[in-house]
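Notes follow the structure.
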Amino acid sequence: MANPTDTEDTDPFDAIVDAPFDAALSERYLVYALSTITARSLPDLRDGLKPVHRRLLWTMRQLRLDPGSGFKKSARVVGEVIGKYHPHGDTAAYDAMVRLAQDFSLRYPLVEGQGNFGNVDGDNAAAYRYTEARLTKTAMQLMEGLDAGTVDFIPTYNGEEQEPELMPGLFPNLLANGASGIAVGMATNIPSHNAAEVIDATLELIDNPHVEHERLMEIMQGPDFATGGQLVDSAETISEAYRTGRGSFRLRGVFHAPEVDAAADRDAGIERLGGGQWQLVISEIPYQVPKGKLIEQIAQAISDRKLPILEDVRDESDESIRIVLVPRSRNIDPELLKESLFKLTDMETRFGLNMNVLDRTRTPMVMGLKELLENWVASQIEILQRRTRHRLDQIAQRLELVEGYIIAFLNLDRVIEIIRTEDEPKPVMIAEFDLNDRQAEAILNMRLRSLRKLEEMQLRKEKDDLLAEQDDLEKLLGSPARQRTRLKKDLRTLRKDYAEETALGRRRTRIEEAEAGIEFSMDAMIEKEPITVILSRKGWIRAAKGHVPLDQDFKYKEGDELAFILHAQTTDKLLIAGDNGRFYTLGCDKLPGARGFGEPVRTMIDLESDTSIAKMIVHRPGGRLLLASTSGKGFLAETGELLAETRKGRQVVNLKGDASLRVVREVGENDDHVAAVGDNRKLIVFNIEEMPVMARGQGVMLQRYRDGGLSDATTFKLDDGLSWTMGGAEGRTRTENEIWQWKVARGAAGRMPPTGFPKDNRFS
């Protein structure tokens, strides 16, 4: 009997192991990571299943839910799975089962569902107490051979049951249905493929083990998603991804109008309506994009004016997808609308390829297409060998019994006599007829009805058949060539169920490289209308519809007045230059209307409170501006370099001290000279080639001053003369053609301007 004081004297701290924390943590985390990788997240390349999917199929097979039987409640299946095989939550098991039943998630569903198993809109399935399920023919093909000794059975988590280590069937589930999962430190994402193409590629590999990757890609073109769509990457891009096992594909939805007679319009998804009107029809959406979410994205883009060329979107789907897009005008280019949807919504998505799987030793590995097929073929050869050995064992056992039966029939009278007269007939029969215990037991258990002459003939025929089959199987087992031939025969038989002419086998995803379409830009979707932009001294901006006279009177807030006014189009961009040298960009389509006083421009751009607006002009692509500061320094800038992407604008002219941006003037196409005038009323003219073209900086000195700074500068064509406005109500302009005497090198002091030059020292 144990001493009761032993427990009291034991110090619990003696059980504590002294070890570095980082080592203990890394050891435990490694165990967790390996468990996640091998027992949860990555599929086995041999059957393409994760443990939860394998256990679901095994449970349904145990419940006899084959395609010819009736449906059973999903709750029954989930309960069996989590109770016997998969010690996780019911939600996880049911979600996995639902995905196996969704024909928009799996290319070849393994579960046939009855009830609400979710839809392509993104709605969830009903609770498992409301739905029913059974296995599909594909699932039965994947599990074929489980009773033929083809795979090992392992104990379940509690040791009470047995479950298969993998499914031995010939259906190429890994590539046909794909897989996705996130483990610890690694992930997998394999698209679904056309089963017939996978089988054809496998047959090619069996016939020619040294086949080139390019030849395999000719046979197996690429993914074949459950929801169709179009793969628009080049063949080279797709091939390289499959060579390395990593890459990504651009997947687009499809515009198609099946009820349209004209082939061109039908393939473009255009339905012609009366009066020249038309509408676009979306018939396929990218894989894993919920239809409801896509429609919401399109509607939101219309609401946010990101798709002003689209008026409405309607969902007219039934069993097939039909999303109708109504353009705002019949003059809109359908290709522009398509490109807009590809850029702004999930009508174009990316699918990342990562063929990370567990090999035959359950080691995670990223494989290329050829390596993956080689490993799968090797696993199927191994399964074929195991099936053959199992059948040979069965034949040997049956032959043993058949030979015993034949001996009994040849000595039937003596056998009957022994049974009738002997208290222990078995040892007598064994000794007299040279039988073993199993044969003698089988003879004693024979039914009387078997004691017929015909039975003897059947036994001899059965023996001959078994010997012939045994000989064929032994030849098969000893010949790798015969094994490959048998595998090819079985694959060709399987292929008939997934041939191109069948509804299940027909390719759904088109693989066509996208042609160079219309270049997408938000500006292209803005309806072009003339406007007149008005900017006041205090920074209030508005846009009046149409090109109104620039001298028209407009109302302003008290104490405010006109600063800048110009004609533009709604498709134009405004360049607003602050006197701090920073340029801001505004879209004319976003300007407030002219019914009121407009809105403060500072609510649209981050213009500092102590910064004044030096100039407002319309951006002209390919144009140039003359920029100069009060310090007399300046340069030429290309207008394309001045556009800003954000509210903060772009710093273009660097200023020092108290200098400010004074001149922002467009350079004429034929202008060849620059004229500058200072506060000291000195004028200088020099060749425009002396001015540098810069994207940002201070520039070079245009004119030197003893006192003051630059007042104004302009560009002109020397042969046409230098012009300036005379002022007054009439706004007359004067031109001085004899300007050669003011022409000097850049940076000179200059001389007094011609008679009649404006007293404010401004050219306009």
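No value in this document is a laboratory result; all are computed from the given coordinates. Keep in mind that this is a model prediction, so the values were computed, not measured. Cβ atoms come from the backbone with ideal geometry, glycine included; neighbour counts cover every protein chain shown.
General remarks:
- Report note on the peptides 303-309, 755-761: ranked by the mean count of other C-beta atoms within 10 Å, highest first, their order is 303-309, 755-761.
- Cross-link pairs LYS682/LYS743; LYS555/LYS648; LYS528/LYS557; LYS338/LYS545; LYS528/LYS717 - those with Cα-Cα distance over 24 Å: LYS555/LYS648; LYS528/LYS557; LYS338/LYS545; LYS528/LYS717
- Each of TYR556, TYR85 has some number of other Cβ atoms within 10 Å of its Cβ, and from fewest to most they run TYR556, TYR85.
- In loop segments of segment 622-659 as defined by DSSP, the GluC sites (Glu not before Pro) with at most 13 further C-beta atoms inside 10 Å of their C-beta are GLU645.
- Highest mean packing first, where packing is the average number of other Cβ atoms within 10 Å per residue, the peptides 128-138, 572-582 line up as 572-582, 128-138.
- Segment 526-619 shape via C-alpha gyration tensor axes, a/c threshold 1.5: oblate
- Cβ-derived FRET efficiency at R0 60 Å, GLU316 paired with ASP551, nearest 0.05: 0.65
- The residues neighbouring ALA148, those whose beta-carbon lies less than 9 Å from its own, together hold a net charge of +1 under the Lys/Arg +1, Asp/Glu -1 convention.
- Amide N proximity, segment 395-412 versus ILE419 label position 7 Å along Cα-to-Cβ, cut-off under 19 Å: 401-412
- Extension gain for GLN397 to ASP267 (0.36 nm times residue separation, less C-alpha to C-alpha distance): 40.4 nm.
- Contour minus Cα-Cα distance for THR363 and ASP123 (0.36 nm per residue): 82.7 nm
- Packing-based exposure ordering (other Cβ within 10 Å, fewest first) of MET457, MET365: MET457, MET365
- Using a simple spin-label model with pseudo-atoms 7 Å out from Cα toward Cβ, ASP472 and LYS73 lie 4.7 nm apart.
- Its Cα centre serving as origin, the chain has a Cβ charge dipole (Lys and Arg +1, Asp and Glu -1) of approximately 2680 debye.
- Percentage relative contact order, the chain, counting C-alpha pairs under 8 Å, at least six apart: 9
- Spin-label model, ARG507 to ARG647: label points 7 Å out along the Cα-to-beta-carbon direction sit 5.1 nm apart.
- Listed by chain and number, the lysines whose C-alpha is less than 21 Å from the C-alpha of LYS475, apart from same-chain residues fewer than 8 away, are LYS463, LYS488, LYS489.
- With neighbour counts taken as other beta-carbon atoms within 10 Å, the residues ILE302, ILE541 rank, fewest first, as ILE302, ILE541.
- Taking segment 392-424 and a reference point 7 angstrom along Cα→Cβ of GLU455, the backbone N atoms nearer than 15 Å belong to 401-417, 419.
- Rel. contact order, % - alpha carbon contacts under 8 angstrom, at least six apart, segment 50-165: 29
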